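A short worksheet on the structure shown next.
The values are calculated or read from the model by the stated rules, or taken from the named source; none is laboratory data. Since the structure is predicted, the reported quantities are computational estimates derived from the model, not experimental observations. Here the Cβ positions follow ideal geometry from the backbone for every residue, glycine too, while neighbour counts run over all protein chains shown. Ligands, DNA and RNA are excluded from the accessible area calculation, which covers all protein heavy atoms including side chains. Shrake-Rupley method; radii C 1.70, N 1.55, O 1.52, S 1.80 Å.
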Amino acid sequence: MTQSLRLPITNTFADGGYSVKAHVGAHQQSVHLILDTGSSTLVLGNAHYHVERDSDVVFTYYSQAIKYAEGSWYGPVIKTTVRLGILGHSISLPQTYVAIAKEPQKLQEPCFKKADGIMGLAYQPLNHAYRCTDKITDEMSEQAFFDKELTEPSDTAIANLKTSDYVATTLPSYFSELEQRQINADKFAFWLHRSSVYNVDGNCLRAALAHRKNHGLFVIGEPIFHRDLYAPPIMSVKVLHDKYYNVTLKAIRCEGAAAITAPTLAPSDKARWCSNAIVDSGATVIGLPESLYNEVIEQIYRSVENAKTLLAPFAAFSLEEQGTALDKLDLATWPELTFVLEGDNGEDVSLSLPPEAYWQVHAPTFNQASFKIFPLKHWPNQSILGLPLISQFYTIFDRGQGANGVVSFARKVTVSNTVDALKHVFEKNS
C-alpha cells in the first residue's frame, strides 16, 4: 500500500475552492478536479473527456444526476483509469467509476467553474446513481446507452430516471475504492493558505495562478508522516455519520464575550441531516444557522465600531462573492472567533479563527476584502464549516479511525514559521 503522496493544488480554477490535477483514461487526459468533502461523486465534464481516445473505457448502464448548492449536472457513468500525481510519485486506480457530465445549458456558469470536474471525498451513501432495468439493457448496448445519455436533452433524461425503467442505487466512491483495493490508506489532508483567490493588481488570472497564496497541498495516504507541514498536538473531532463529515458544534466564542451555544437539530431533521455541523472543503465560506449567525454578529457589532457598515454587503448569502473597500478595514480591531467542537473522546476541541481568516483581503478583486461568514436562511440548524476554518490548520480526514472516522486539526507549519525558527536557533547560538 502506498505510504503517502502530497499533491499541489490551487484555488484559481474554482473561485476559491481547491482543485487537484488528475489524469483520466488510457490516454491520460489531464484534468483539474475540485476537491469536495461535501460530495462523493467523481465527475468530469463531457467537454474534457475524449472517449474515442480511451482504450481503458468500460461502458455501464449507470447514470447520475447530482445537484449542489450551486449548479447541477446529469450524465452516464463509465469505468476507466484515474491517476493522481506524476510518474514515480503517483497512485493509479484502474476501472473506477467516473460520471461524464452533460451540464444544463441554462446555467450561466458551469458548476465546475473553470475546473474540469469534481472529486467527491465523502462516503458512498452520497454517491447516488441509477441503473437501467432489463427493459433498456435488452434494447441497447452499454456504449449505445452512453451515447444516448449524452445526446438526449438533460431535462428529459432526468425525468426518465424517476420511471420504472431505472433503479436507484449508490456507487463506490473513489477514496473508498483506493482503500478497498489496498492501493492507499483511507486518509487525506489539506494544507492551505486561503478560502478566496488572492488577486493581484490588475486582477489577472495568470498572475493569481502564479501567486503562492493561491496554492496548497493535498496529502493522501498517511498525512501524519509529513511532519514538516504541522506541529503537535493533533486535535481530533468525532465524525458521527458515514455520509458527510458530520460533527457536533457545541459553541462559538467571540473574543472578550461569553460563548454562544450552537443550536441542535430539530428531531424532524435528524434522519436527513444527522448532526448540527459538517466539515466541507467544497464550501468557501462558513455558513451558520440564522439564529446562531445573528448572535455572533451582534457580539462582533459590540466589538468593532464600524462593523455594521462593513458587513452590510454580506447580510445575505450570495453565490457570487461580494467585497468591500480594503482601506476601510482594520483587522487589528476585529475579534478572534473560537469554534468549540466535540472531540473524539467527548472532550471540547477549540479551534481559533483569526480575523484574517474570516476576512479575505484582495478578494473578490484587488484592494477589496470579502467577509466569509454567512447566515443560512430557511436551513436546518446545521453549520457548514468550510475553507475559512480548514485553511487555518493542517486538517486531516481519517476515515478509518473509530466507527465513522475523525477530522483532526493541527497547527499548520508554513515556510515563514520554519524561517523564524531557524533565525531563533542561529541567534541563540551566535
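Within this structure, Ile136 passes the test of being farther than 23 Å from Arg53 by Cβ and surrounded by fewer than 17 Cβ atoms within 10 Å (Cβ to Cβ). Screening Gln299 against (1) modelled with pLDDT of 95 or more; (2) closer than 18 Å to Val361 by Cβ leaves a single unmet condition, (2). Within the range 374-391, the set of residues being surrounded by fewer than 23 Cβ atoms within 10 Å (Cβ to Cβ) and either in contact with a helix residue (DSSP H, G or I) (Cβ under 9 Å, 6 or more places away or on another chain) or more than 23 Å from Ala122 (Cβ to Cβ) (or both) comprises Phe374, Pro375, Leu376, Lys377, His378, Trp379, Pro380, Asn381.
When residues in the range 323-354 are screened for being among the β-branched types (Val, Ile, Thr), surrounded by fewer than 19 Cβ atoms within 10 Å (Cβ to Cβ) and under 29 Å from Ile234 (Cβ atoms), 1 of them pass.
Of all residues in the range 69-89, those satisfying the criterion of being at pLDDT below 90 and farther than 18 Å from Ala159 by Cα are Ala69, Glu70, Ile86, Leu87, Gly88, His89. Filtered by the rule that a residue be small (Gly, Ala, Ser), assigned to a strand (DSSP E or B) and more than 15 Å from the chain's Cα centre (by Cα), the range 1-44 gives Ala22, Ser30.
Just checking, which of Tyr61, Tyr49, Tyr18 is touching a Cys at 6+ places or on another chain (Cβ under 6 Å) and either under 20 Å from Ala157 (Cβ atoms) or open to solvent by less than 20 Å² (accessible area, probe 1.4 Å) (or both)? The unique qualifying residue is Tyr61.
Assess whether Ser236 counts as being in contact (Cβ under 8 Å) with a residue 60 or more places away in the chain, assigned to a strand (DSSP E or B) and among the hydroxyl-bearing types (Ser, Thr, Tyr). It is true that Ser236 is in contact (Cβ under 8 Å) with a residue 60 or more places away in the chain, assigned to a strand (DSSP E or B) and among the hydroxyl-bearing types (Ser, Thr, Tyr). For the criterion of being in contact (Cβ under 8 Å) with a residue 40 or more places away in the chain, assigned to a loop (DSSP other than H, G, I, E, B) and at positive phi, Asn203 passes.
Total residues in the range 151-189 satisfying the condition of being open to solvent by 40 Å² or more (accessible area, probe 1.4 Å), in contact (Cβ under 8 Å) with a residue 40 or more places away in the chain, assigned to a helix (DSSP H, G or I) and in contact with a strand residue (DSSP E or B) (Cβ under 8 Å, 6 or more places away or on another chain): the figure is 1.
Only one entry in Asp201, Asp228 is closer than 30 Å to Ile373 by Cβ and either open to solvent by 10 Å² or more (accessible area, probe 1.4 Å) or over 17 Å from the mean Cα position of the chain (by Cα) (or both), namely Asp201.
Of the residues contained in the range 104-114, none is found to be at pLDDT 95 or above and either open to solvent by less than 30 Å² (accessible area, probe 1.4 Å) or within 21 Å of Ile9 (Cα to Cα) (or both). Does any residue of the range 238-257 turn out to be farther than 22 Å from Gly343 by Cβ, touching a helix residue (DSSP H, G or I) at 6+ places or on another chain (Cβ under 6 Å) and surrounded by fewer than 20 Cβ atoms within 10 Å (Cβ to Cβ)? Taking every residue of the range 238-257 in turn, at least one turns out to be farther than 22 Å from Gly343 by Cβ, touching a helix residue (DSSP H, G or I) at 6+ places or on another chain (Cβ under 6 Å) and surrounded by fewer than 20 Cβ atoms within 10 Å (Cβ to Cβ). Quick one: in the range 355-367, of everything that is surrounded by fewer than 21 Cβ atoms within 10 Å (Cβ to Cβ) and over 16 Å from Gln392 (Cα atoms), which residue is farthest from the chain's Cα centre (by Cα)? Once the filter is applied, the top-ranked residue is Asn367. Out of all the residues in the range 133-156, is one or more touching a Ser or Thr at 6+ places or on another chain (Cβ under 8 Å) and of a type in the set (Gly, Ala, Ser)? The answer is no, given that none of the residues of the range 133-156 is touching a Ser or Thr at 6+ places or on another chain (Cβ under 8 Å) and of a type in the set (Gly, Ala, Ser).
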